[in-house]
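K.L.:
Before anything else, here's the structure in question.
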Amino acid sequence: MPEQEEQIQKACPECGSLKLVRDFDRGELICTSCGLVLKDKFYDLGPEWRAFDSDQRDKRGRTGAPMTFTIHDKGLSTIIDWRNKDVHGRDISPTNRAQIYRLRKWQRRIRVSDAAERNLAFAMAELDRISSHLSLPRSIREQAAVTYRKAVEENLIRGRSIESVTAACLYGACRMRGVPRTLDEIAEHARVDKKEIGRSYRFITKELNLKINPTNPIDYMPRFASELGLSTAVQSRAIEILEEAIKLGLTSGRGPMGVAAAALYIASIEKGERRTQREVSEVAKVTEVTVRNRYKELQEKLGLNVDV
């Protein structure tokens, strides 16, 4: 309550000044213009200790890691460390090591106690493994974990492999977050084939009513340009070409990766950083024929004069 009252008090009632300072030593709220004490005896809700670097902050802090959906128990259970050290860093006596060993063993068993938790534990480990191979950010992993948990709650996992559902949730999370990865890329690191992942993905999106928009070719542009070593000028020009193509409806019914590769190929020629159709197709994981066909369509429809 005191903190809420302080937030409401934004100006000095005496002089109307907005320069209010909190004196934590005295517990007072003071106007720096006229010296009026607006409030006294307010509470400091911060920690009672001070830290001057990150190491001190980690040592003195008494809270754990934040809750995360990427761990089967959301990171809320306790963990007995594998090192035989006490809280002060001293070695545990040999007489107590056997007891700590038994506690550690039972702790591992308690954390995964039933079939549902075993399912989640295996799925989250698989999710983390695939995400690490694809270098996906933490937000993607969290979104995929949330989707998988919803699928478990709706009993959609029964009759399907955990690997295929996990890979499907990760693929959907990439599309929802605007960091697209193809089914081929997901299947390359998953333990199931592309067809099974696609089947699980369609089933989950339908049953959970997930609203996932079609992939935009522009989303692929930063990754393709980076892998080809192209400058930001080439990337910006390729995005301009794609925006014009989208306005004219040229991307409708076309694979987004092929269109993105063709736009990048045209932009690299225009900006004097030429890349071959083979190099572009290898990065985009499409055939040279696809790049050539999309390139010709863009050149003809947009009226581009590109000297190949």
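K.L.:
Below 8 Å, C-alpha to C-alpha, sequence gap of six or more: please give me the relative contact order for the chain in percent. Can you show the working numbers first?
P.N.:
Working: 320 pairs, mean separation 25.9, N = 308.
Rounded, it is 8 percent for the chain.
K.L.:
Related question: Stretched out fully, how many nm does the piece from residue 84 to residue 282 gain, at 0.36 nm a residue minus the Cα gap? Please report the intermediate quantities before stating the final value.
P.N.:
Details: separation 198, 0.36 × 198 = 71.28 nm, distance 5.07 nm.
Gain in length upon complete extension: 66.2 nm.
K.L.:
Another one. Could you compute the FRET efficiency for residue 115 and residue 92, with r as their C-beta to C-beta distance and R0 at 41 Å, rounded to 0.05?
P.N.:
Values: r = 34 Å, r/R0 = 0.84.
It comes to 0.75.
K.L.:
Could I ask something else about it? Based solely on its DSSP helices, what 222 nm [θ] is calculated for the chain when runs of n ≥ 4 H residues each add -39,500 (n - 2.57) and the sum is averaged over all residues, nearest 500 deg cm²/dmol? Intermediate values should be presented prior to the final figure.
P.N.:
Numbers: 13 runs with 166 residues, N = 308.
Mean residue ellipticity at 222 nm (helix-derived): -17000 deg cm²/dmol.
K.L.:
What does the charge dipole of the chain about its Cα centre add up to, to the nearest 20 debye, if the Cβ of each Lys and Arg holds +1 and the Cβ of each Asp and Glu holds -1? If you can, show how the numbers build up before the last one.
P.N.:
Numbers: 53 positive and 44 negative charges, 242 e Å.
That gives a dipole near 1160 debye.
K.L.:
Between residue 108 and residue 188, what is the spin-label point distance in nm, taking each point 7 Å from the Cα along the Cα→C-beta axis?
P.N.:
3.4 nm
K.L.:
Let me ask something additional. Taking 7 Å along the Cα-to-C-beta vector as the label spot, tell me the residue 207-residue 153 distance in nanometres, rounded to one decimal.
P.N.:
About 1.5 nm, to one decimal.
K.L.:
Which is farthest toward the positive dipole end of the stretch 115-207 among 136, 190, 168, measuring Cα position about the Cα centre, with Cβ charges +1 (Lys, Arg) and -1 (Asp, Glu)?
P.N.:
168
K.L.:
Using +1 at the Cβ of each Lys and Arg and -1 at the Cβ of each Asp and Glu in the stretch 217-302, identify which of 230, 290, 241 lies farthest towards the dipole's positive end.
P.N.:
Of the options given, the answer is 290.
Taken together, the values in this text are just the output of simple stated rules run on the coordinates, not laboratory data. Everything quoted here is computed from the prediction, not taken from an experiment. In this analysis, Cβ positions are derived from the backbone assuming ideal geometry, glycine residues included, and neighbour counts consider all displayed protein chains.
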